[in-house]
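Everything on this sheet refers to the single structure shown next.
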Amino acid sequence: MDIQNLIDSIAHDVAPYLAQGRPADYIPALAQESPQQFAMAVATLDGGLYATGLADKRFSIQSISKAFMLAHTLQRHGEALWQRVGKEPSGNPFNSLVQLEYEHGIPRNPFINAGALVVTDIAISEFGDSSSALRSLLREESGEPAIDFDYVIAASEAEHGHRNAALGHFMKSCNNINGGVDQLLAHYFRACSIRMNVRELARAGLFLANHGASPVSGQQRLSRSQAKQINAIMLTCGTYDAAGEFAYRVGLPCKSGVGGGILAILPGKMSIAVWSPGLDARGNSLAGLEALDRFTTRSGESVF
Ligand code: GLN
């Protein structure tokens, strides 16, 4: 497969879709991104790194951080994590409140906001400064020490983060949050604000593609079984109430973020990152989905 040729041609083909998406506007600092931007990168386990479009431009990874935070926390805390958060698709938007009350404050999965807040609470108990622990992991796994938080975006989200505050306080009332909610939200917003480009993100995903062993840092980040578990949850829950459509069209474990990034994993082979800030109605990058659909359809690669 000529990966460079394929992604260059995909960048050309998705151009008409760029105008159709809308950047997230509930975080004002994200609303300023032009939707006319696109980048895609593929990192392969045999050491290849291919990129097209604005591959050097860093963007806010937002909920893609949830996949890495889960990996880090599951590795440290182990199976007990699943007593506080489920593994089932929610079928609801990422920031939904409704399910949480009738399910007694146990979020459906770690990739909706409520679930990520629980994972962050566990991460704080394990690592102390959980957002800095995540930043270290991403620096090591991308090989790029300059990766950092974007404090402007974190502050912008904090100022408007009433839904996440509501989720945190409700779960605290159900005894599913151990620490303070203000501290929890600060760590969660900081983790979401981390900026990376598609090259860095694709490289950072390689340990998920390589059964937990990182070819970048040389570390065994997860057991083989845990890497399978994270990929399974990415496939079924990583793109929220569009996970069925992603499985149907892309056929890869994916994790999206409202910054317009999507990380996709082809276990045993490669990690793919795509970015375009225009989102569809379910909060996933519209051109990003189009690009990943074309990548797996034209290459014939997927987990199926
Ligand atoms: N920081 C965002 C939020 O909590 C992340 C959501 C997302 O990327 N889907 O709303």
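The values are calculated or read from the model by the stated rules, or taken from the named source; none is laboratory data. Everything numeric in this text was worked out from a predicted model, so none of it was measured. Glycine also receives a Cβ, built like all others from the backbone with ideal geometry; neighbour counts cover every protein chain displayed.
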message: Given the criterion within 16 Å of the ligand (Cβ to nearest atom) and either of a type in the set (Asp, Glu) or in contact (Cβ under 8 Å) with a residue 40 or more places away in the chain (or both), identify the matching residue among PHE38, PHE59.
response: PHE59
- line: Selection from the stretch 62-87 of residues assigned to a helix (DSSP H, G or I), aliphatic (A, V, I, L, M) and within 16 Å of the ligand (Cβ to nearest atom) yields ILE64, ALA67, MET69, LEU70
message: Can you pull out every residue in the stretch 184-202 that is within 14 Å of the ligand (Cβ to nearest atom) and either out of contact with any Phe, Trp or Tyr (no Cβ under 8 Å at 6 or more places or on another chain) or assigned to a helix (DSSP H, G or I) (or both)?
response: LEU184, LEU185, ALA186, HIS187, TYR188, PHE189, ARG190, ALA191, CYS192, SER193, LEU201
- request: Give the residues of the stretch 88-132 that are surrounded by fewer than 22 Cβ atoms within 10 Å (Cβ to Cβ), under 16 Å from the mean Cα position of the chain (by Cα) and at pLDDT 95 or above, sorted by residue number.
  value: PRO89
field: Of all residues in the stretch 210-264 being basic (Lys, Arg) and without any contact (Cβ under 8 Å) to a residue 40 or more places away in the chain, the one that is farthest from the ligand (Cβ to nearest atom)
entry: ARG224
